[in-house]
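Let me begin by presenting the structure, written as structure tokens, before commenting on it.
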Amino acid sequence: MEDKGQKGSIHPLSLLAAEAYTVFAEMGFEIATGPELESEWYNFDVLNVPRDHPARDMQDTFVIKDEKEKVLRTHTTATIARALEQAGKEGRIPAAFISIGKVFRNEATDSTHEMQFYQIDGGMIGENISLANLKGVLTNFYKKMLGDDIELEFRPSFFPFTEPSVETFTKFKGKWLEMGGAGMAHPNVLKNIGLDPKKYQCLLFGHGFDRIAMVKWGIPDVRLIYSGDLRLNQL
């Protein structure tokens, strides 16, 4: 009997990840991977997030029963920290890493937020690296992914693990949509992974990968990406 039902295909996020990895590979980045059940050390402490920071409270972070000092990772910046630390131990600096992975935050869902989503995180470490390098890397990435006419803005911000810090915005449906944060690694971050902040500089960024998909394909609601709607196969 002929099967007339709709058939599945590779998920758009998987296709987008392959495309993103290719763009960063052309800029000399290596792929980094890490655990989804992450230690508090790499998820928070290494990244200069103090014990009393509200992001460590249960309303923002998922904890697992009987898994002491472990959390469901709230960002893949932890994965980049692990990779940078290992590169330092192996004497492989300068180095650059990119990671795309699932992250978890206990927050209210809406058209641009989910409790479970994908983040793209990157880091580049070496000597004489500056905010100009960060802007160049991200501008090149977004132009390759979303087209040369994409509108980008870099606005001053604050994050515990970067100084100075910026947020990246792009135009989506006539409004500015925040894509994520970035900046130069705080000296404490480099110290925590055993590197000398007086010798090395490191750029870091963490952006919402689902939001890149929204802009690329005009998806109005991030929740549709996880709905199992087979119309996503046609993107």
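The values are calculated or read from the model by the stated rules, or taken from the named source; none is laboratory data. On a predicted model such as this, the values are computed, not experimentally measured, just so you know. Note that each Cβ is placed from the backbone with ideal geometry, even for glycine, and that neighbours are counted across all protein chains shown.
What residue, of Phe158, Phe141, Phe172, is of a type in the set (Phe, Trp, Tyr) and modelled with pLDDT of 95 or more?
Phe141
I'd like the residue in the range 27-54 that is of a type in the set (Asp, Glu) and free of Cβ contacts under 8 Å to residues at least 40 places away in the same chain and, out of all such residues, is surrounded by the fewest Cβ atoms within 10 Å (Cβ to Cβ).
Looking at residues that are of a type in the set (Asp, Glu) and free of Cβ contacts under 8 Å to residues at least 40 places away in the same chain, I get Asp52.
Only one residue in Val49, Val103 is modelled with pLDDT under 95 and either among the hydroxyl-bearing types (Ser, Thr, Tyr) or in a strand (DSSP E or B) (or both), so which one is that?
The conditions single out Val103.
Restricting attention to the range 114-130, does a residue exist that is crowded, with 20+ Cβ neighbours inside 10 Å, modelled with pLDDT of 95 or more and more than 16 Å from the chain's Cα centre (by Cα)?
Yes, some residue in the range 114-130 is crowded, with 20+ Cβ neighbours inside 10 Å, modelled with pLDDT of 95 or more and more than 16 Å from the chain's Cα centre (by Cα).
So Ala20 clears everything in (1) in a loop (DSSP other than H, G, I, E, B); (2) modelled with pLDDT of 90 or more except one condition, right? Which one?
(1)
May I ask you to list the residues in the range 172-189 that are assigned to a strand (DSSP E or B) and either charged (D, E, K, R) or in contact (Cβ under 8 Å) with a residue 40 or more places away in the chain (or both)?
Phe172, Lys175, Leu177, Glu178, Gly180, Ala182, Gly183, Met184, Ala185
Within the range 155-188, track down each residue that is under 19 Å from Val23 (Cβ atoms) and of a type outside the set (A, V, I, L, M).
Selection gives Thr168, Thr170, Gly180.
Among the numbered conditions (1) touching a Ser or Thr at 6+ places or on another chain (Cβ under 7 Å); (2) under 27 Å from Ala95 (Cα atoms), tell me where Val215 comes up short.
Evaluating Val215 over (1) touching a Ser or Thr at 6+ places or on another chain (Cβ under 7 Å); (2) under 27 Å from Ala95 (Cα atoms) leaves (2) as the failure.
Go over the candidates Phe169, Phe158, Phe154 one by one and state the one that is part of a strand (DSSP E or B), under 30 Å from Pro35 (Cβ atoms) and in contact with a strand residue (DSSP E or B) (Cβ under 9 Å, 6 or more places away or on another chain).
Unique residue meeting the criteria: Phe158.
Identify the single condition in (1) touching a residue at least 60 places away in the same chain (Cβ under 8 Å); (2) touching a Pro at 6+ places or on another chain (Cβ under 9 Å) that Ala95 does not satisfy, given that it satisfies every other one.
Unmet for Ala95, out of (1) touching a residue at least 60 places away in the same chain (Cβ under 8 Å); (2) touching a Pro at 6+ places or on another chain (Cβ under 9 Å): (2).
Filtering the range 77-100 down to residues that are of a type in the set (Lys, Arg) and assigned to a helix (DSSP H, G or I), which residue is surrounded by the most Cβ atoms within 10 Å (Cβ to Cβ)?
Here the answer is Arg82.
Do we find that Asn128 is part of a loop (DSSP other than H, G, I, E, B) and among the polar types (S, T, N, Q) in this structure?
In short, yes.
Scan (1) without any contact (Cβ under 8 Å) to a residue 40 or more places away in the chain; (2) within 24 Å of Met145 (Cβ to Cβ) for the single condition Lys68 breaks and write down its number.
(2)
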